[in-house]
Every structure is written in structure tokens, then in C-alpha cells.
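Below: one structure, written as C-alpha cells.
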Amino acid sequence: MQSTSAALSIRTTPGRLDIEQPPAELNIQQPQAKITIERTPSKLTIDQFEARADMDLKSVRSRIEEYSQQGYEDWLAGLARVAQDGDELMMIENGGDAIASQAKRNSENPMYEFNIGWIPSAGSVKISYDPGSVKVNVELQKVVNHSRPQKPNIQYTPAKVDVSLNDMQTCKLILQT
């Protein structure tokens with residue numbers, strides 16, 4: 001018996017895996033938040049009326065009121081003085097020197113008081129402050145998400161192996177008797 005080796009042919013085709021992932025379809029919306037603001041304004045009040053009056057920086061209206069009041073008081077004082085002088089002259093028979101005392105009184109200069117006029121008195125400026133308020137209300141809105149994922153595209157080709165006998169004639173079995 002005589003044998004020869006067979007010549008085999010092996011052919012392989014490699015397998016292939018292709019994966020493609022398409023992007024997701026995104027549809028996301030964020031509505032704006034609802035904001036309401038309630039505000040009470042602050043208020044600062046500075047009253048300098050008294051300080052300006054102390055410095056003799058009065059308004060026309062204040063001056064008119066002051067001068068009218070002063071005129072009225074001076075008129076009353078003059079009326080009282082004239083009435084007193086008349087009463088003194090009426091009672092001249094009781095003795096005394098009514099004419100001389102009236103002449104002396106009317107000839108003397110009055111005594112005036114003077115103070116530093118450009119410095120306002122302490123506490124003459126009145127300040128008041130109301131800070132006000134701010135109230136903020138925020139109502140958040142939810143995200144609207146209508147996104148859709150995409151499935152991946154997968155293609156798979158399996159590997160192949162072909163085994164075949166290359167030369168059939170070389171594989172003969174010879175039998176000799």
C-alpha cells in the first residue's frame with residue numbers, strides 16, 4: 001500500500017461587523033420663567049426749612065408771613081405805648097414828670113440782640129427715610145423634551161471557512177497484490 005498526502009486548500013473570509021449610530025432627533029424647549037416684581041419705592045425726606053430760617057435764607061412766603069406778623073405785633077405795641085402815654089398825660093395832675101419821661105423814653109435807641117446768623121441751630125435739619133421694599137416672585141417652567149433616540153444600524157457578515165481538496169489525483173490508493 002502506498003499513500004500520498006492530500007493537498008488541502010483552506011480559504012477563509014473574515015467576518016465583518018458594521019455599526020452605525022445615527023444621531024438622536026433632539027427637540028428640547030425651555031419656556032421662560034415667569035417673573036413678577038412688586039416694588040414700593042423708597043422715600044428720603046430732608047426738611048431744611050428751620051435750618052434755612054436760622055441762617056436767614058427764608059422763602060418769600062415765609063418772609064411775608066413773618067413781616068405781617070411782626071407788623072401786627074409792632075402795631076399792637078405802638079397802640080399800647082400811645083395809650084400808656086395818653087394815660088400818663090391824662091394823670092399829669094397827680095404829679096410826676098410825664099412829658100420828660102416820655103421824651104427820654106422816645107429818644108433812647110432800643111437795645112438789639114445779636115447772635116451769629118449763619119450757623120443753624122442743632123437738630124434743625126429733619127431727615128426721614130422709608131426704605132421701601134422689593135418682592136420678587138419666580139415661577140419656573142418645566143423643560144419640554146420631545147427628543148427621540150435612533151436605533152443603531154448593525155450589519156453582521158459571519159466569517160466563512162472553505163476547506164477543499166486541492167489535487168484529487170494525488171490521493172490514490174495503490175494496492176499491489
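Centre-to-centre, using Cα atoms only, segment 5-66 and segment 68-107 are separated by 83 Å.
Rounding to the nearest 10 and keeping the result within 0 to 90°, find how far the Cα-based axis of helix 98-107 lies from the longest principal axis of the chain. Long axis of 98-107 versus the principal axis of the chain: about 30 degrees. Sorting 81-89, 35-43 by their mean Cβ neighbour count within 10 Å, with the most densely packed peptide first, gives 81-89, 35-43.
Normalised per residue, the accessible area of segment 30-105 is 84 Å², obtained with a 1.4 Å probe and no contribution from ligands, DNA or RNA.
In this simple spin-label approximation, Arg11 and Thr40 carry label points 7 Å from Cα along the Cα→Cβ vector, and these lie 9.5 nm apart. So how tilted is helix 60-90 from the main axis of the chain? Cα-based, degrees 0 to 90, rounded to 10. With both axes taken from Cα atoms, the answer is about 20 degrees. The stretch between Glu108 and Ile154, if pulled fully straight at 0.36 nm per residue, gains 4.0 nm over its current Cα-Cα span.
Close Lys pairs in the chain (alpha-carbon distance under 23 Å; sequence gap of 8 or more, or different chains): 5.
Below 12 angstrom from the Cβ of Ile99, what's the summed charge of the other residues (Lys, Arg +1; Asp, Glu -1)? My count for the surroundings of Ile99 gives -1. Against the set (1) 1.00; (2) 1.95; (3) 1.03, the structure's computed Rg/Rh (Cα atoms, Kirkwood Rh) falls on (2). Measuring nothing but how far apart in sequence close Cα pairs (under 8 Å, 6+ apart) lie, relative to its length, the chain scores a relative contact order of 65 percent.
Counting Lys and Arg as +1 and Asp and Glu as -1 over every other residue whose Cβ lies under 12 Å from the Cβ of Ala159, the net charge comes to +2.
The values are calculated or read from the model by the stated rules, or taken from the named source; none is laboratory data. Worth saying up front: this structure is predicted, and the values here are computed from it rather than measured. Every residue, glycine as well, gets a Cβ built from its backbone with ideal geometry; the counts of neighbours run over all protein chains shown. Keep in mind that these areas ignore ligands, DNA and RNA; they rest on the heavy atoms of the full protein, side chains included. Shrake-Rupley method; radii C 1.70, N 1.55, O 1.52, S 1.80 Å.
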